[in-house]
Structure formats: C-alpha cells, structure tokens
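Remarks on the structure that follows.
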Amino acid sequence: MVNELKILKFPDPRLRTVASKVTKFDKSLEILANDMLELMYKENGIGLAATQVNHHIRLITIDISEERDSPMIFVNPEFEIINEDSHLSFEEGCLSVPGFNEEITRPDNIKLKWQDIKGEEHEDMPSGLLTVCIQHEIDHLEGKLMVDYVSPIKRERIKKKLTKMYAK
Ligand code: GNR
Ligand code: NI
C-alpha cells in the first residue's frame, strides 16, 4: 500500500466534509480506489467512502458478497428515489462509529447513476443490501453519518463513549 489509509472515527469533524466531484480519472484515482478496497476488506466492511479515509472526493467502494470477491467502485454516485412509499429497514453499522448498530429506514426503490474508474457513465436500479449500502456511503460523501438518524440524546451518548474509548 503506497499511501497508508486510516479510518476517521466519529466525532472527528473531518467526517462532516462535503466531498467534491471527481473530474480527473487518472492513475492516482485508481490507486486510491484499490487502497480503499484493500482497507475495506481488512476491516471486514461491506462499503467504504473516501471521506472516511480523509480524501474528500466522491468515490466509494463496496462488496456485499458473502465470498468477498465482488469489489465494486462507484465514482460520482447519485440517486433518485423512484417510489417515495417503498422503504427498507436495516440494522446498519459503520466503520467510523465502531461498536454501534442502528436500525435505519431508507427508500428502497432508487435509480442510481455513477461513473466507473475510467469515467464511463452507468445507470442501474439496485436492490436489497446494495441499495442500503450505497445510500449509507453517499451519506458519508455529504458529511452525514448513521448517528444523525438517532435522537440527539443517543448521539451524545455514542459520542461520549467513543471519545472515552479513544482517550485510552
Ligand atoms: O461494513 C459496513 N456494514 C454496513 C451494514 C449495513 C449498512 C451499511 C454498512 S456500511 C459499513 C461500512 C461503512 O462504514 N461504510 O461507510
Ligand atoms: Ni459508514
């Protein structure tokens, strides 16, 4: 790994950065994406957003397969809700909020547009866990975290616990 990546943890303010659009599809983008995949597998995550490794560009990696052999890279992902009435609840976890799980309800009928690592445009309608994960990752690119879906009291409690944990 050329560039040693580390995962930022809540309440690190850098996680609140809104990522910029990728405009240069060069070798350094490819290296970052591959380093992110490597770290995601090492940490047993199903997704990782560049924001979480302190690179504030619109790049995410995902692998939702059981076998951990289906890496996906999404550049400049955007989604549109097709059916506002269709939702999916899922117990989510986040590598930036270690040790906490939260049931989050999200739209489950979306149209996704993205670019691949070469800049080619794609469009698809994801389903199930992929829909959940992609929205979780796009939240990161917007500086939004899982803890923003819970009550302020609970958020404060999580913040205190994690801050204490890192102080040790
Ligand atoms: O590893 C992860 N698991 C997960 C489970 C349910 C919904 C979303 C996720 S993403 C998370 C990794 C992570 O923090 N990505 O930003
Ligand atoms: Ni996350």
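The values are calculated or read from the model by the stated rules, or taken from the named source; none is laboratory data. Here the structure is a predicted model, which is why all the values come from computation and not from measurement. Backbone-built Cβ (ideal geometry, glycine too); neighbour counts: all protein chains shown. Accessible surface areas use protein heavy atoms only, side chains included; no ligands, DNA or RNA. Shrake-Rupley method; radii C 1.70, N 1.55, O 1.52, S 1.80 Å.
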Task: Check on Leu129, open to solvent by 50 Å² or more (accessible area, probe 1.4 Å) and within 10 Å of ligand 1 (Cβ to nearest atom) - done: yes
Open item on the list: For the list (1) surrounded by fewer than 16 Cβ atoms within 10 Å (Cβ to Cβ); (2) touching a residue at least 60 places away in the same chain (Cβ under 8 Å); (3) over 24 Å from Arg16 (Cα atoms); (4) within 14 Å of ligand 1 (Cβ to nearest atom), I need the number of the one condition that Lys118 fails.
Closed with: (4)
Open item on the list: When you check Ile158 against the structure, is it within 14 Å of ligand 2 (Cβ to nearest atom), in contact with a helix residue (DSSP H, G or I) (Cβ under 6 Å, 6 or more places away or on another chain) and part of a helix (DSSP H, G or I), yes or no?
Closed with: yes
TODO: Filter region 59-76 for residues that are part of a strand (DSSP E or B) and within 16 Å of ligand 2 (Cβ to nearest atom) and give the result.
DONE: Leu59, Ile60, Thr61, Ile62, Met72, Phe74
- [ ] Please state which of the following conditions Ile134 fails to meet, knowing it meets all the rest: (1) more than 12 Å from ligand 1 (Cβ to nearest atom); (2) outside any loop (DSSP other than H, G, I, E, B).
- [x] (1)
Task: In region 84-103, the residues that are surrounded by 11 or more Cβ atoms within 10 Å (Cβ to Cβ) and within 10 Å of ligand 1 (Cβ to nearest atom) - done: Phe90, Glu92, Gly93, Cys94, Leu95, Ser96, Val97, Pro98, Asn101, Glu102
Task: Candidate set: region 1-58, residues that are of a type in the set (Phe, Trp, Tyr) and part of a loop (DSSP other than H, G, I, E, B); chosen: the one surrounded by the most Cβ atoms within 10 Å (Cβ to Cβ) - done: Phe10
- [ ] Could you figure out which of (1) away from ligand 2 (no atom under 12 Å from the Cβ); (2) buried (at least 16 other Cβ atoms within 10 Å of the Cβ) isn't true of Lys144?
- [x] (1)
- [ ] Kindly provide the set of residues from region 77-96 that are among the small types (Gly, Ala, Ser), touching a Lys or Arg at 6+ places or on another chain (Cβ under 9 Å) and either away from ligand 2 (no atom under 16 Å from the Cβ) or under 14 Å from Val132 (Cα atoms) (or both), ordered by number.
- [x] Ser89
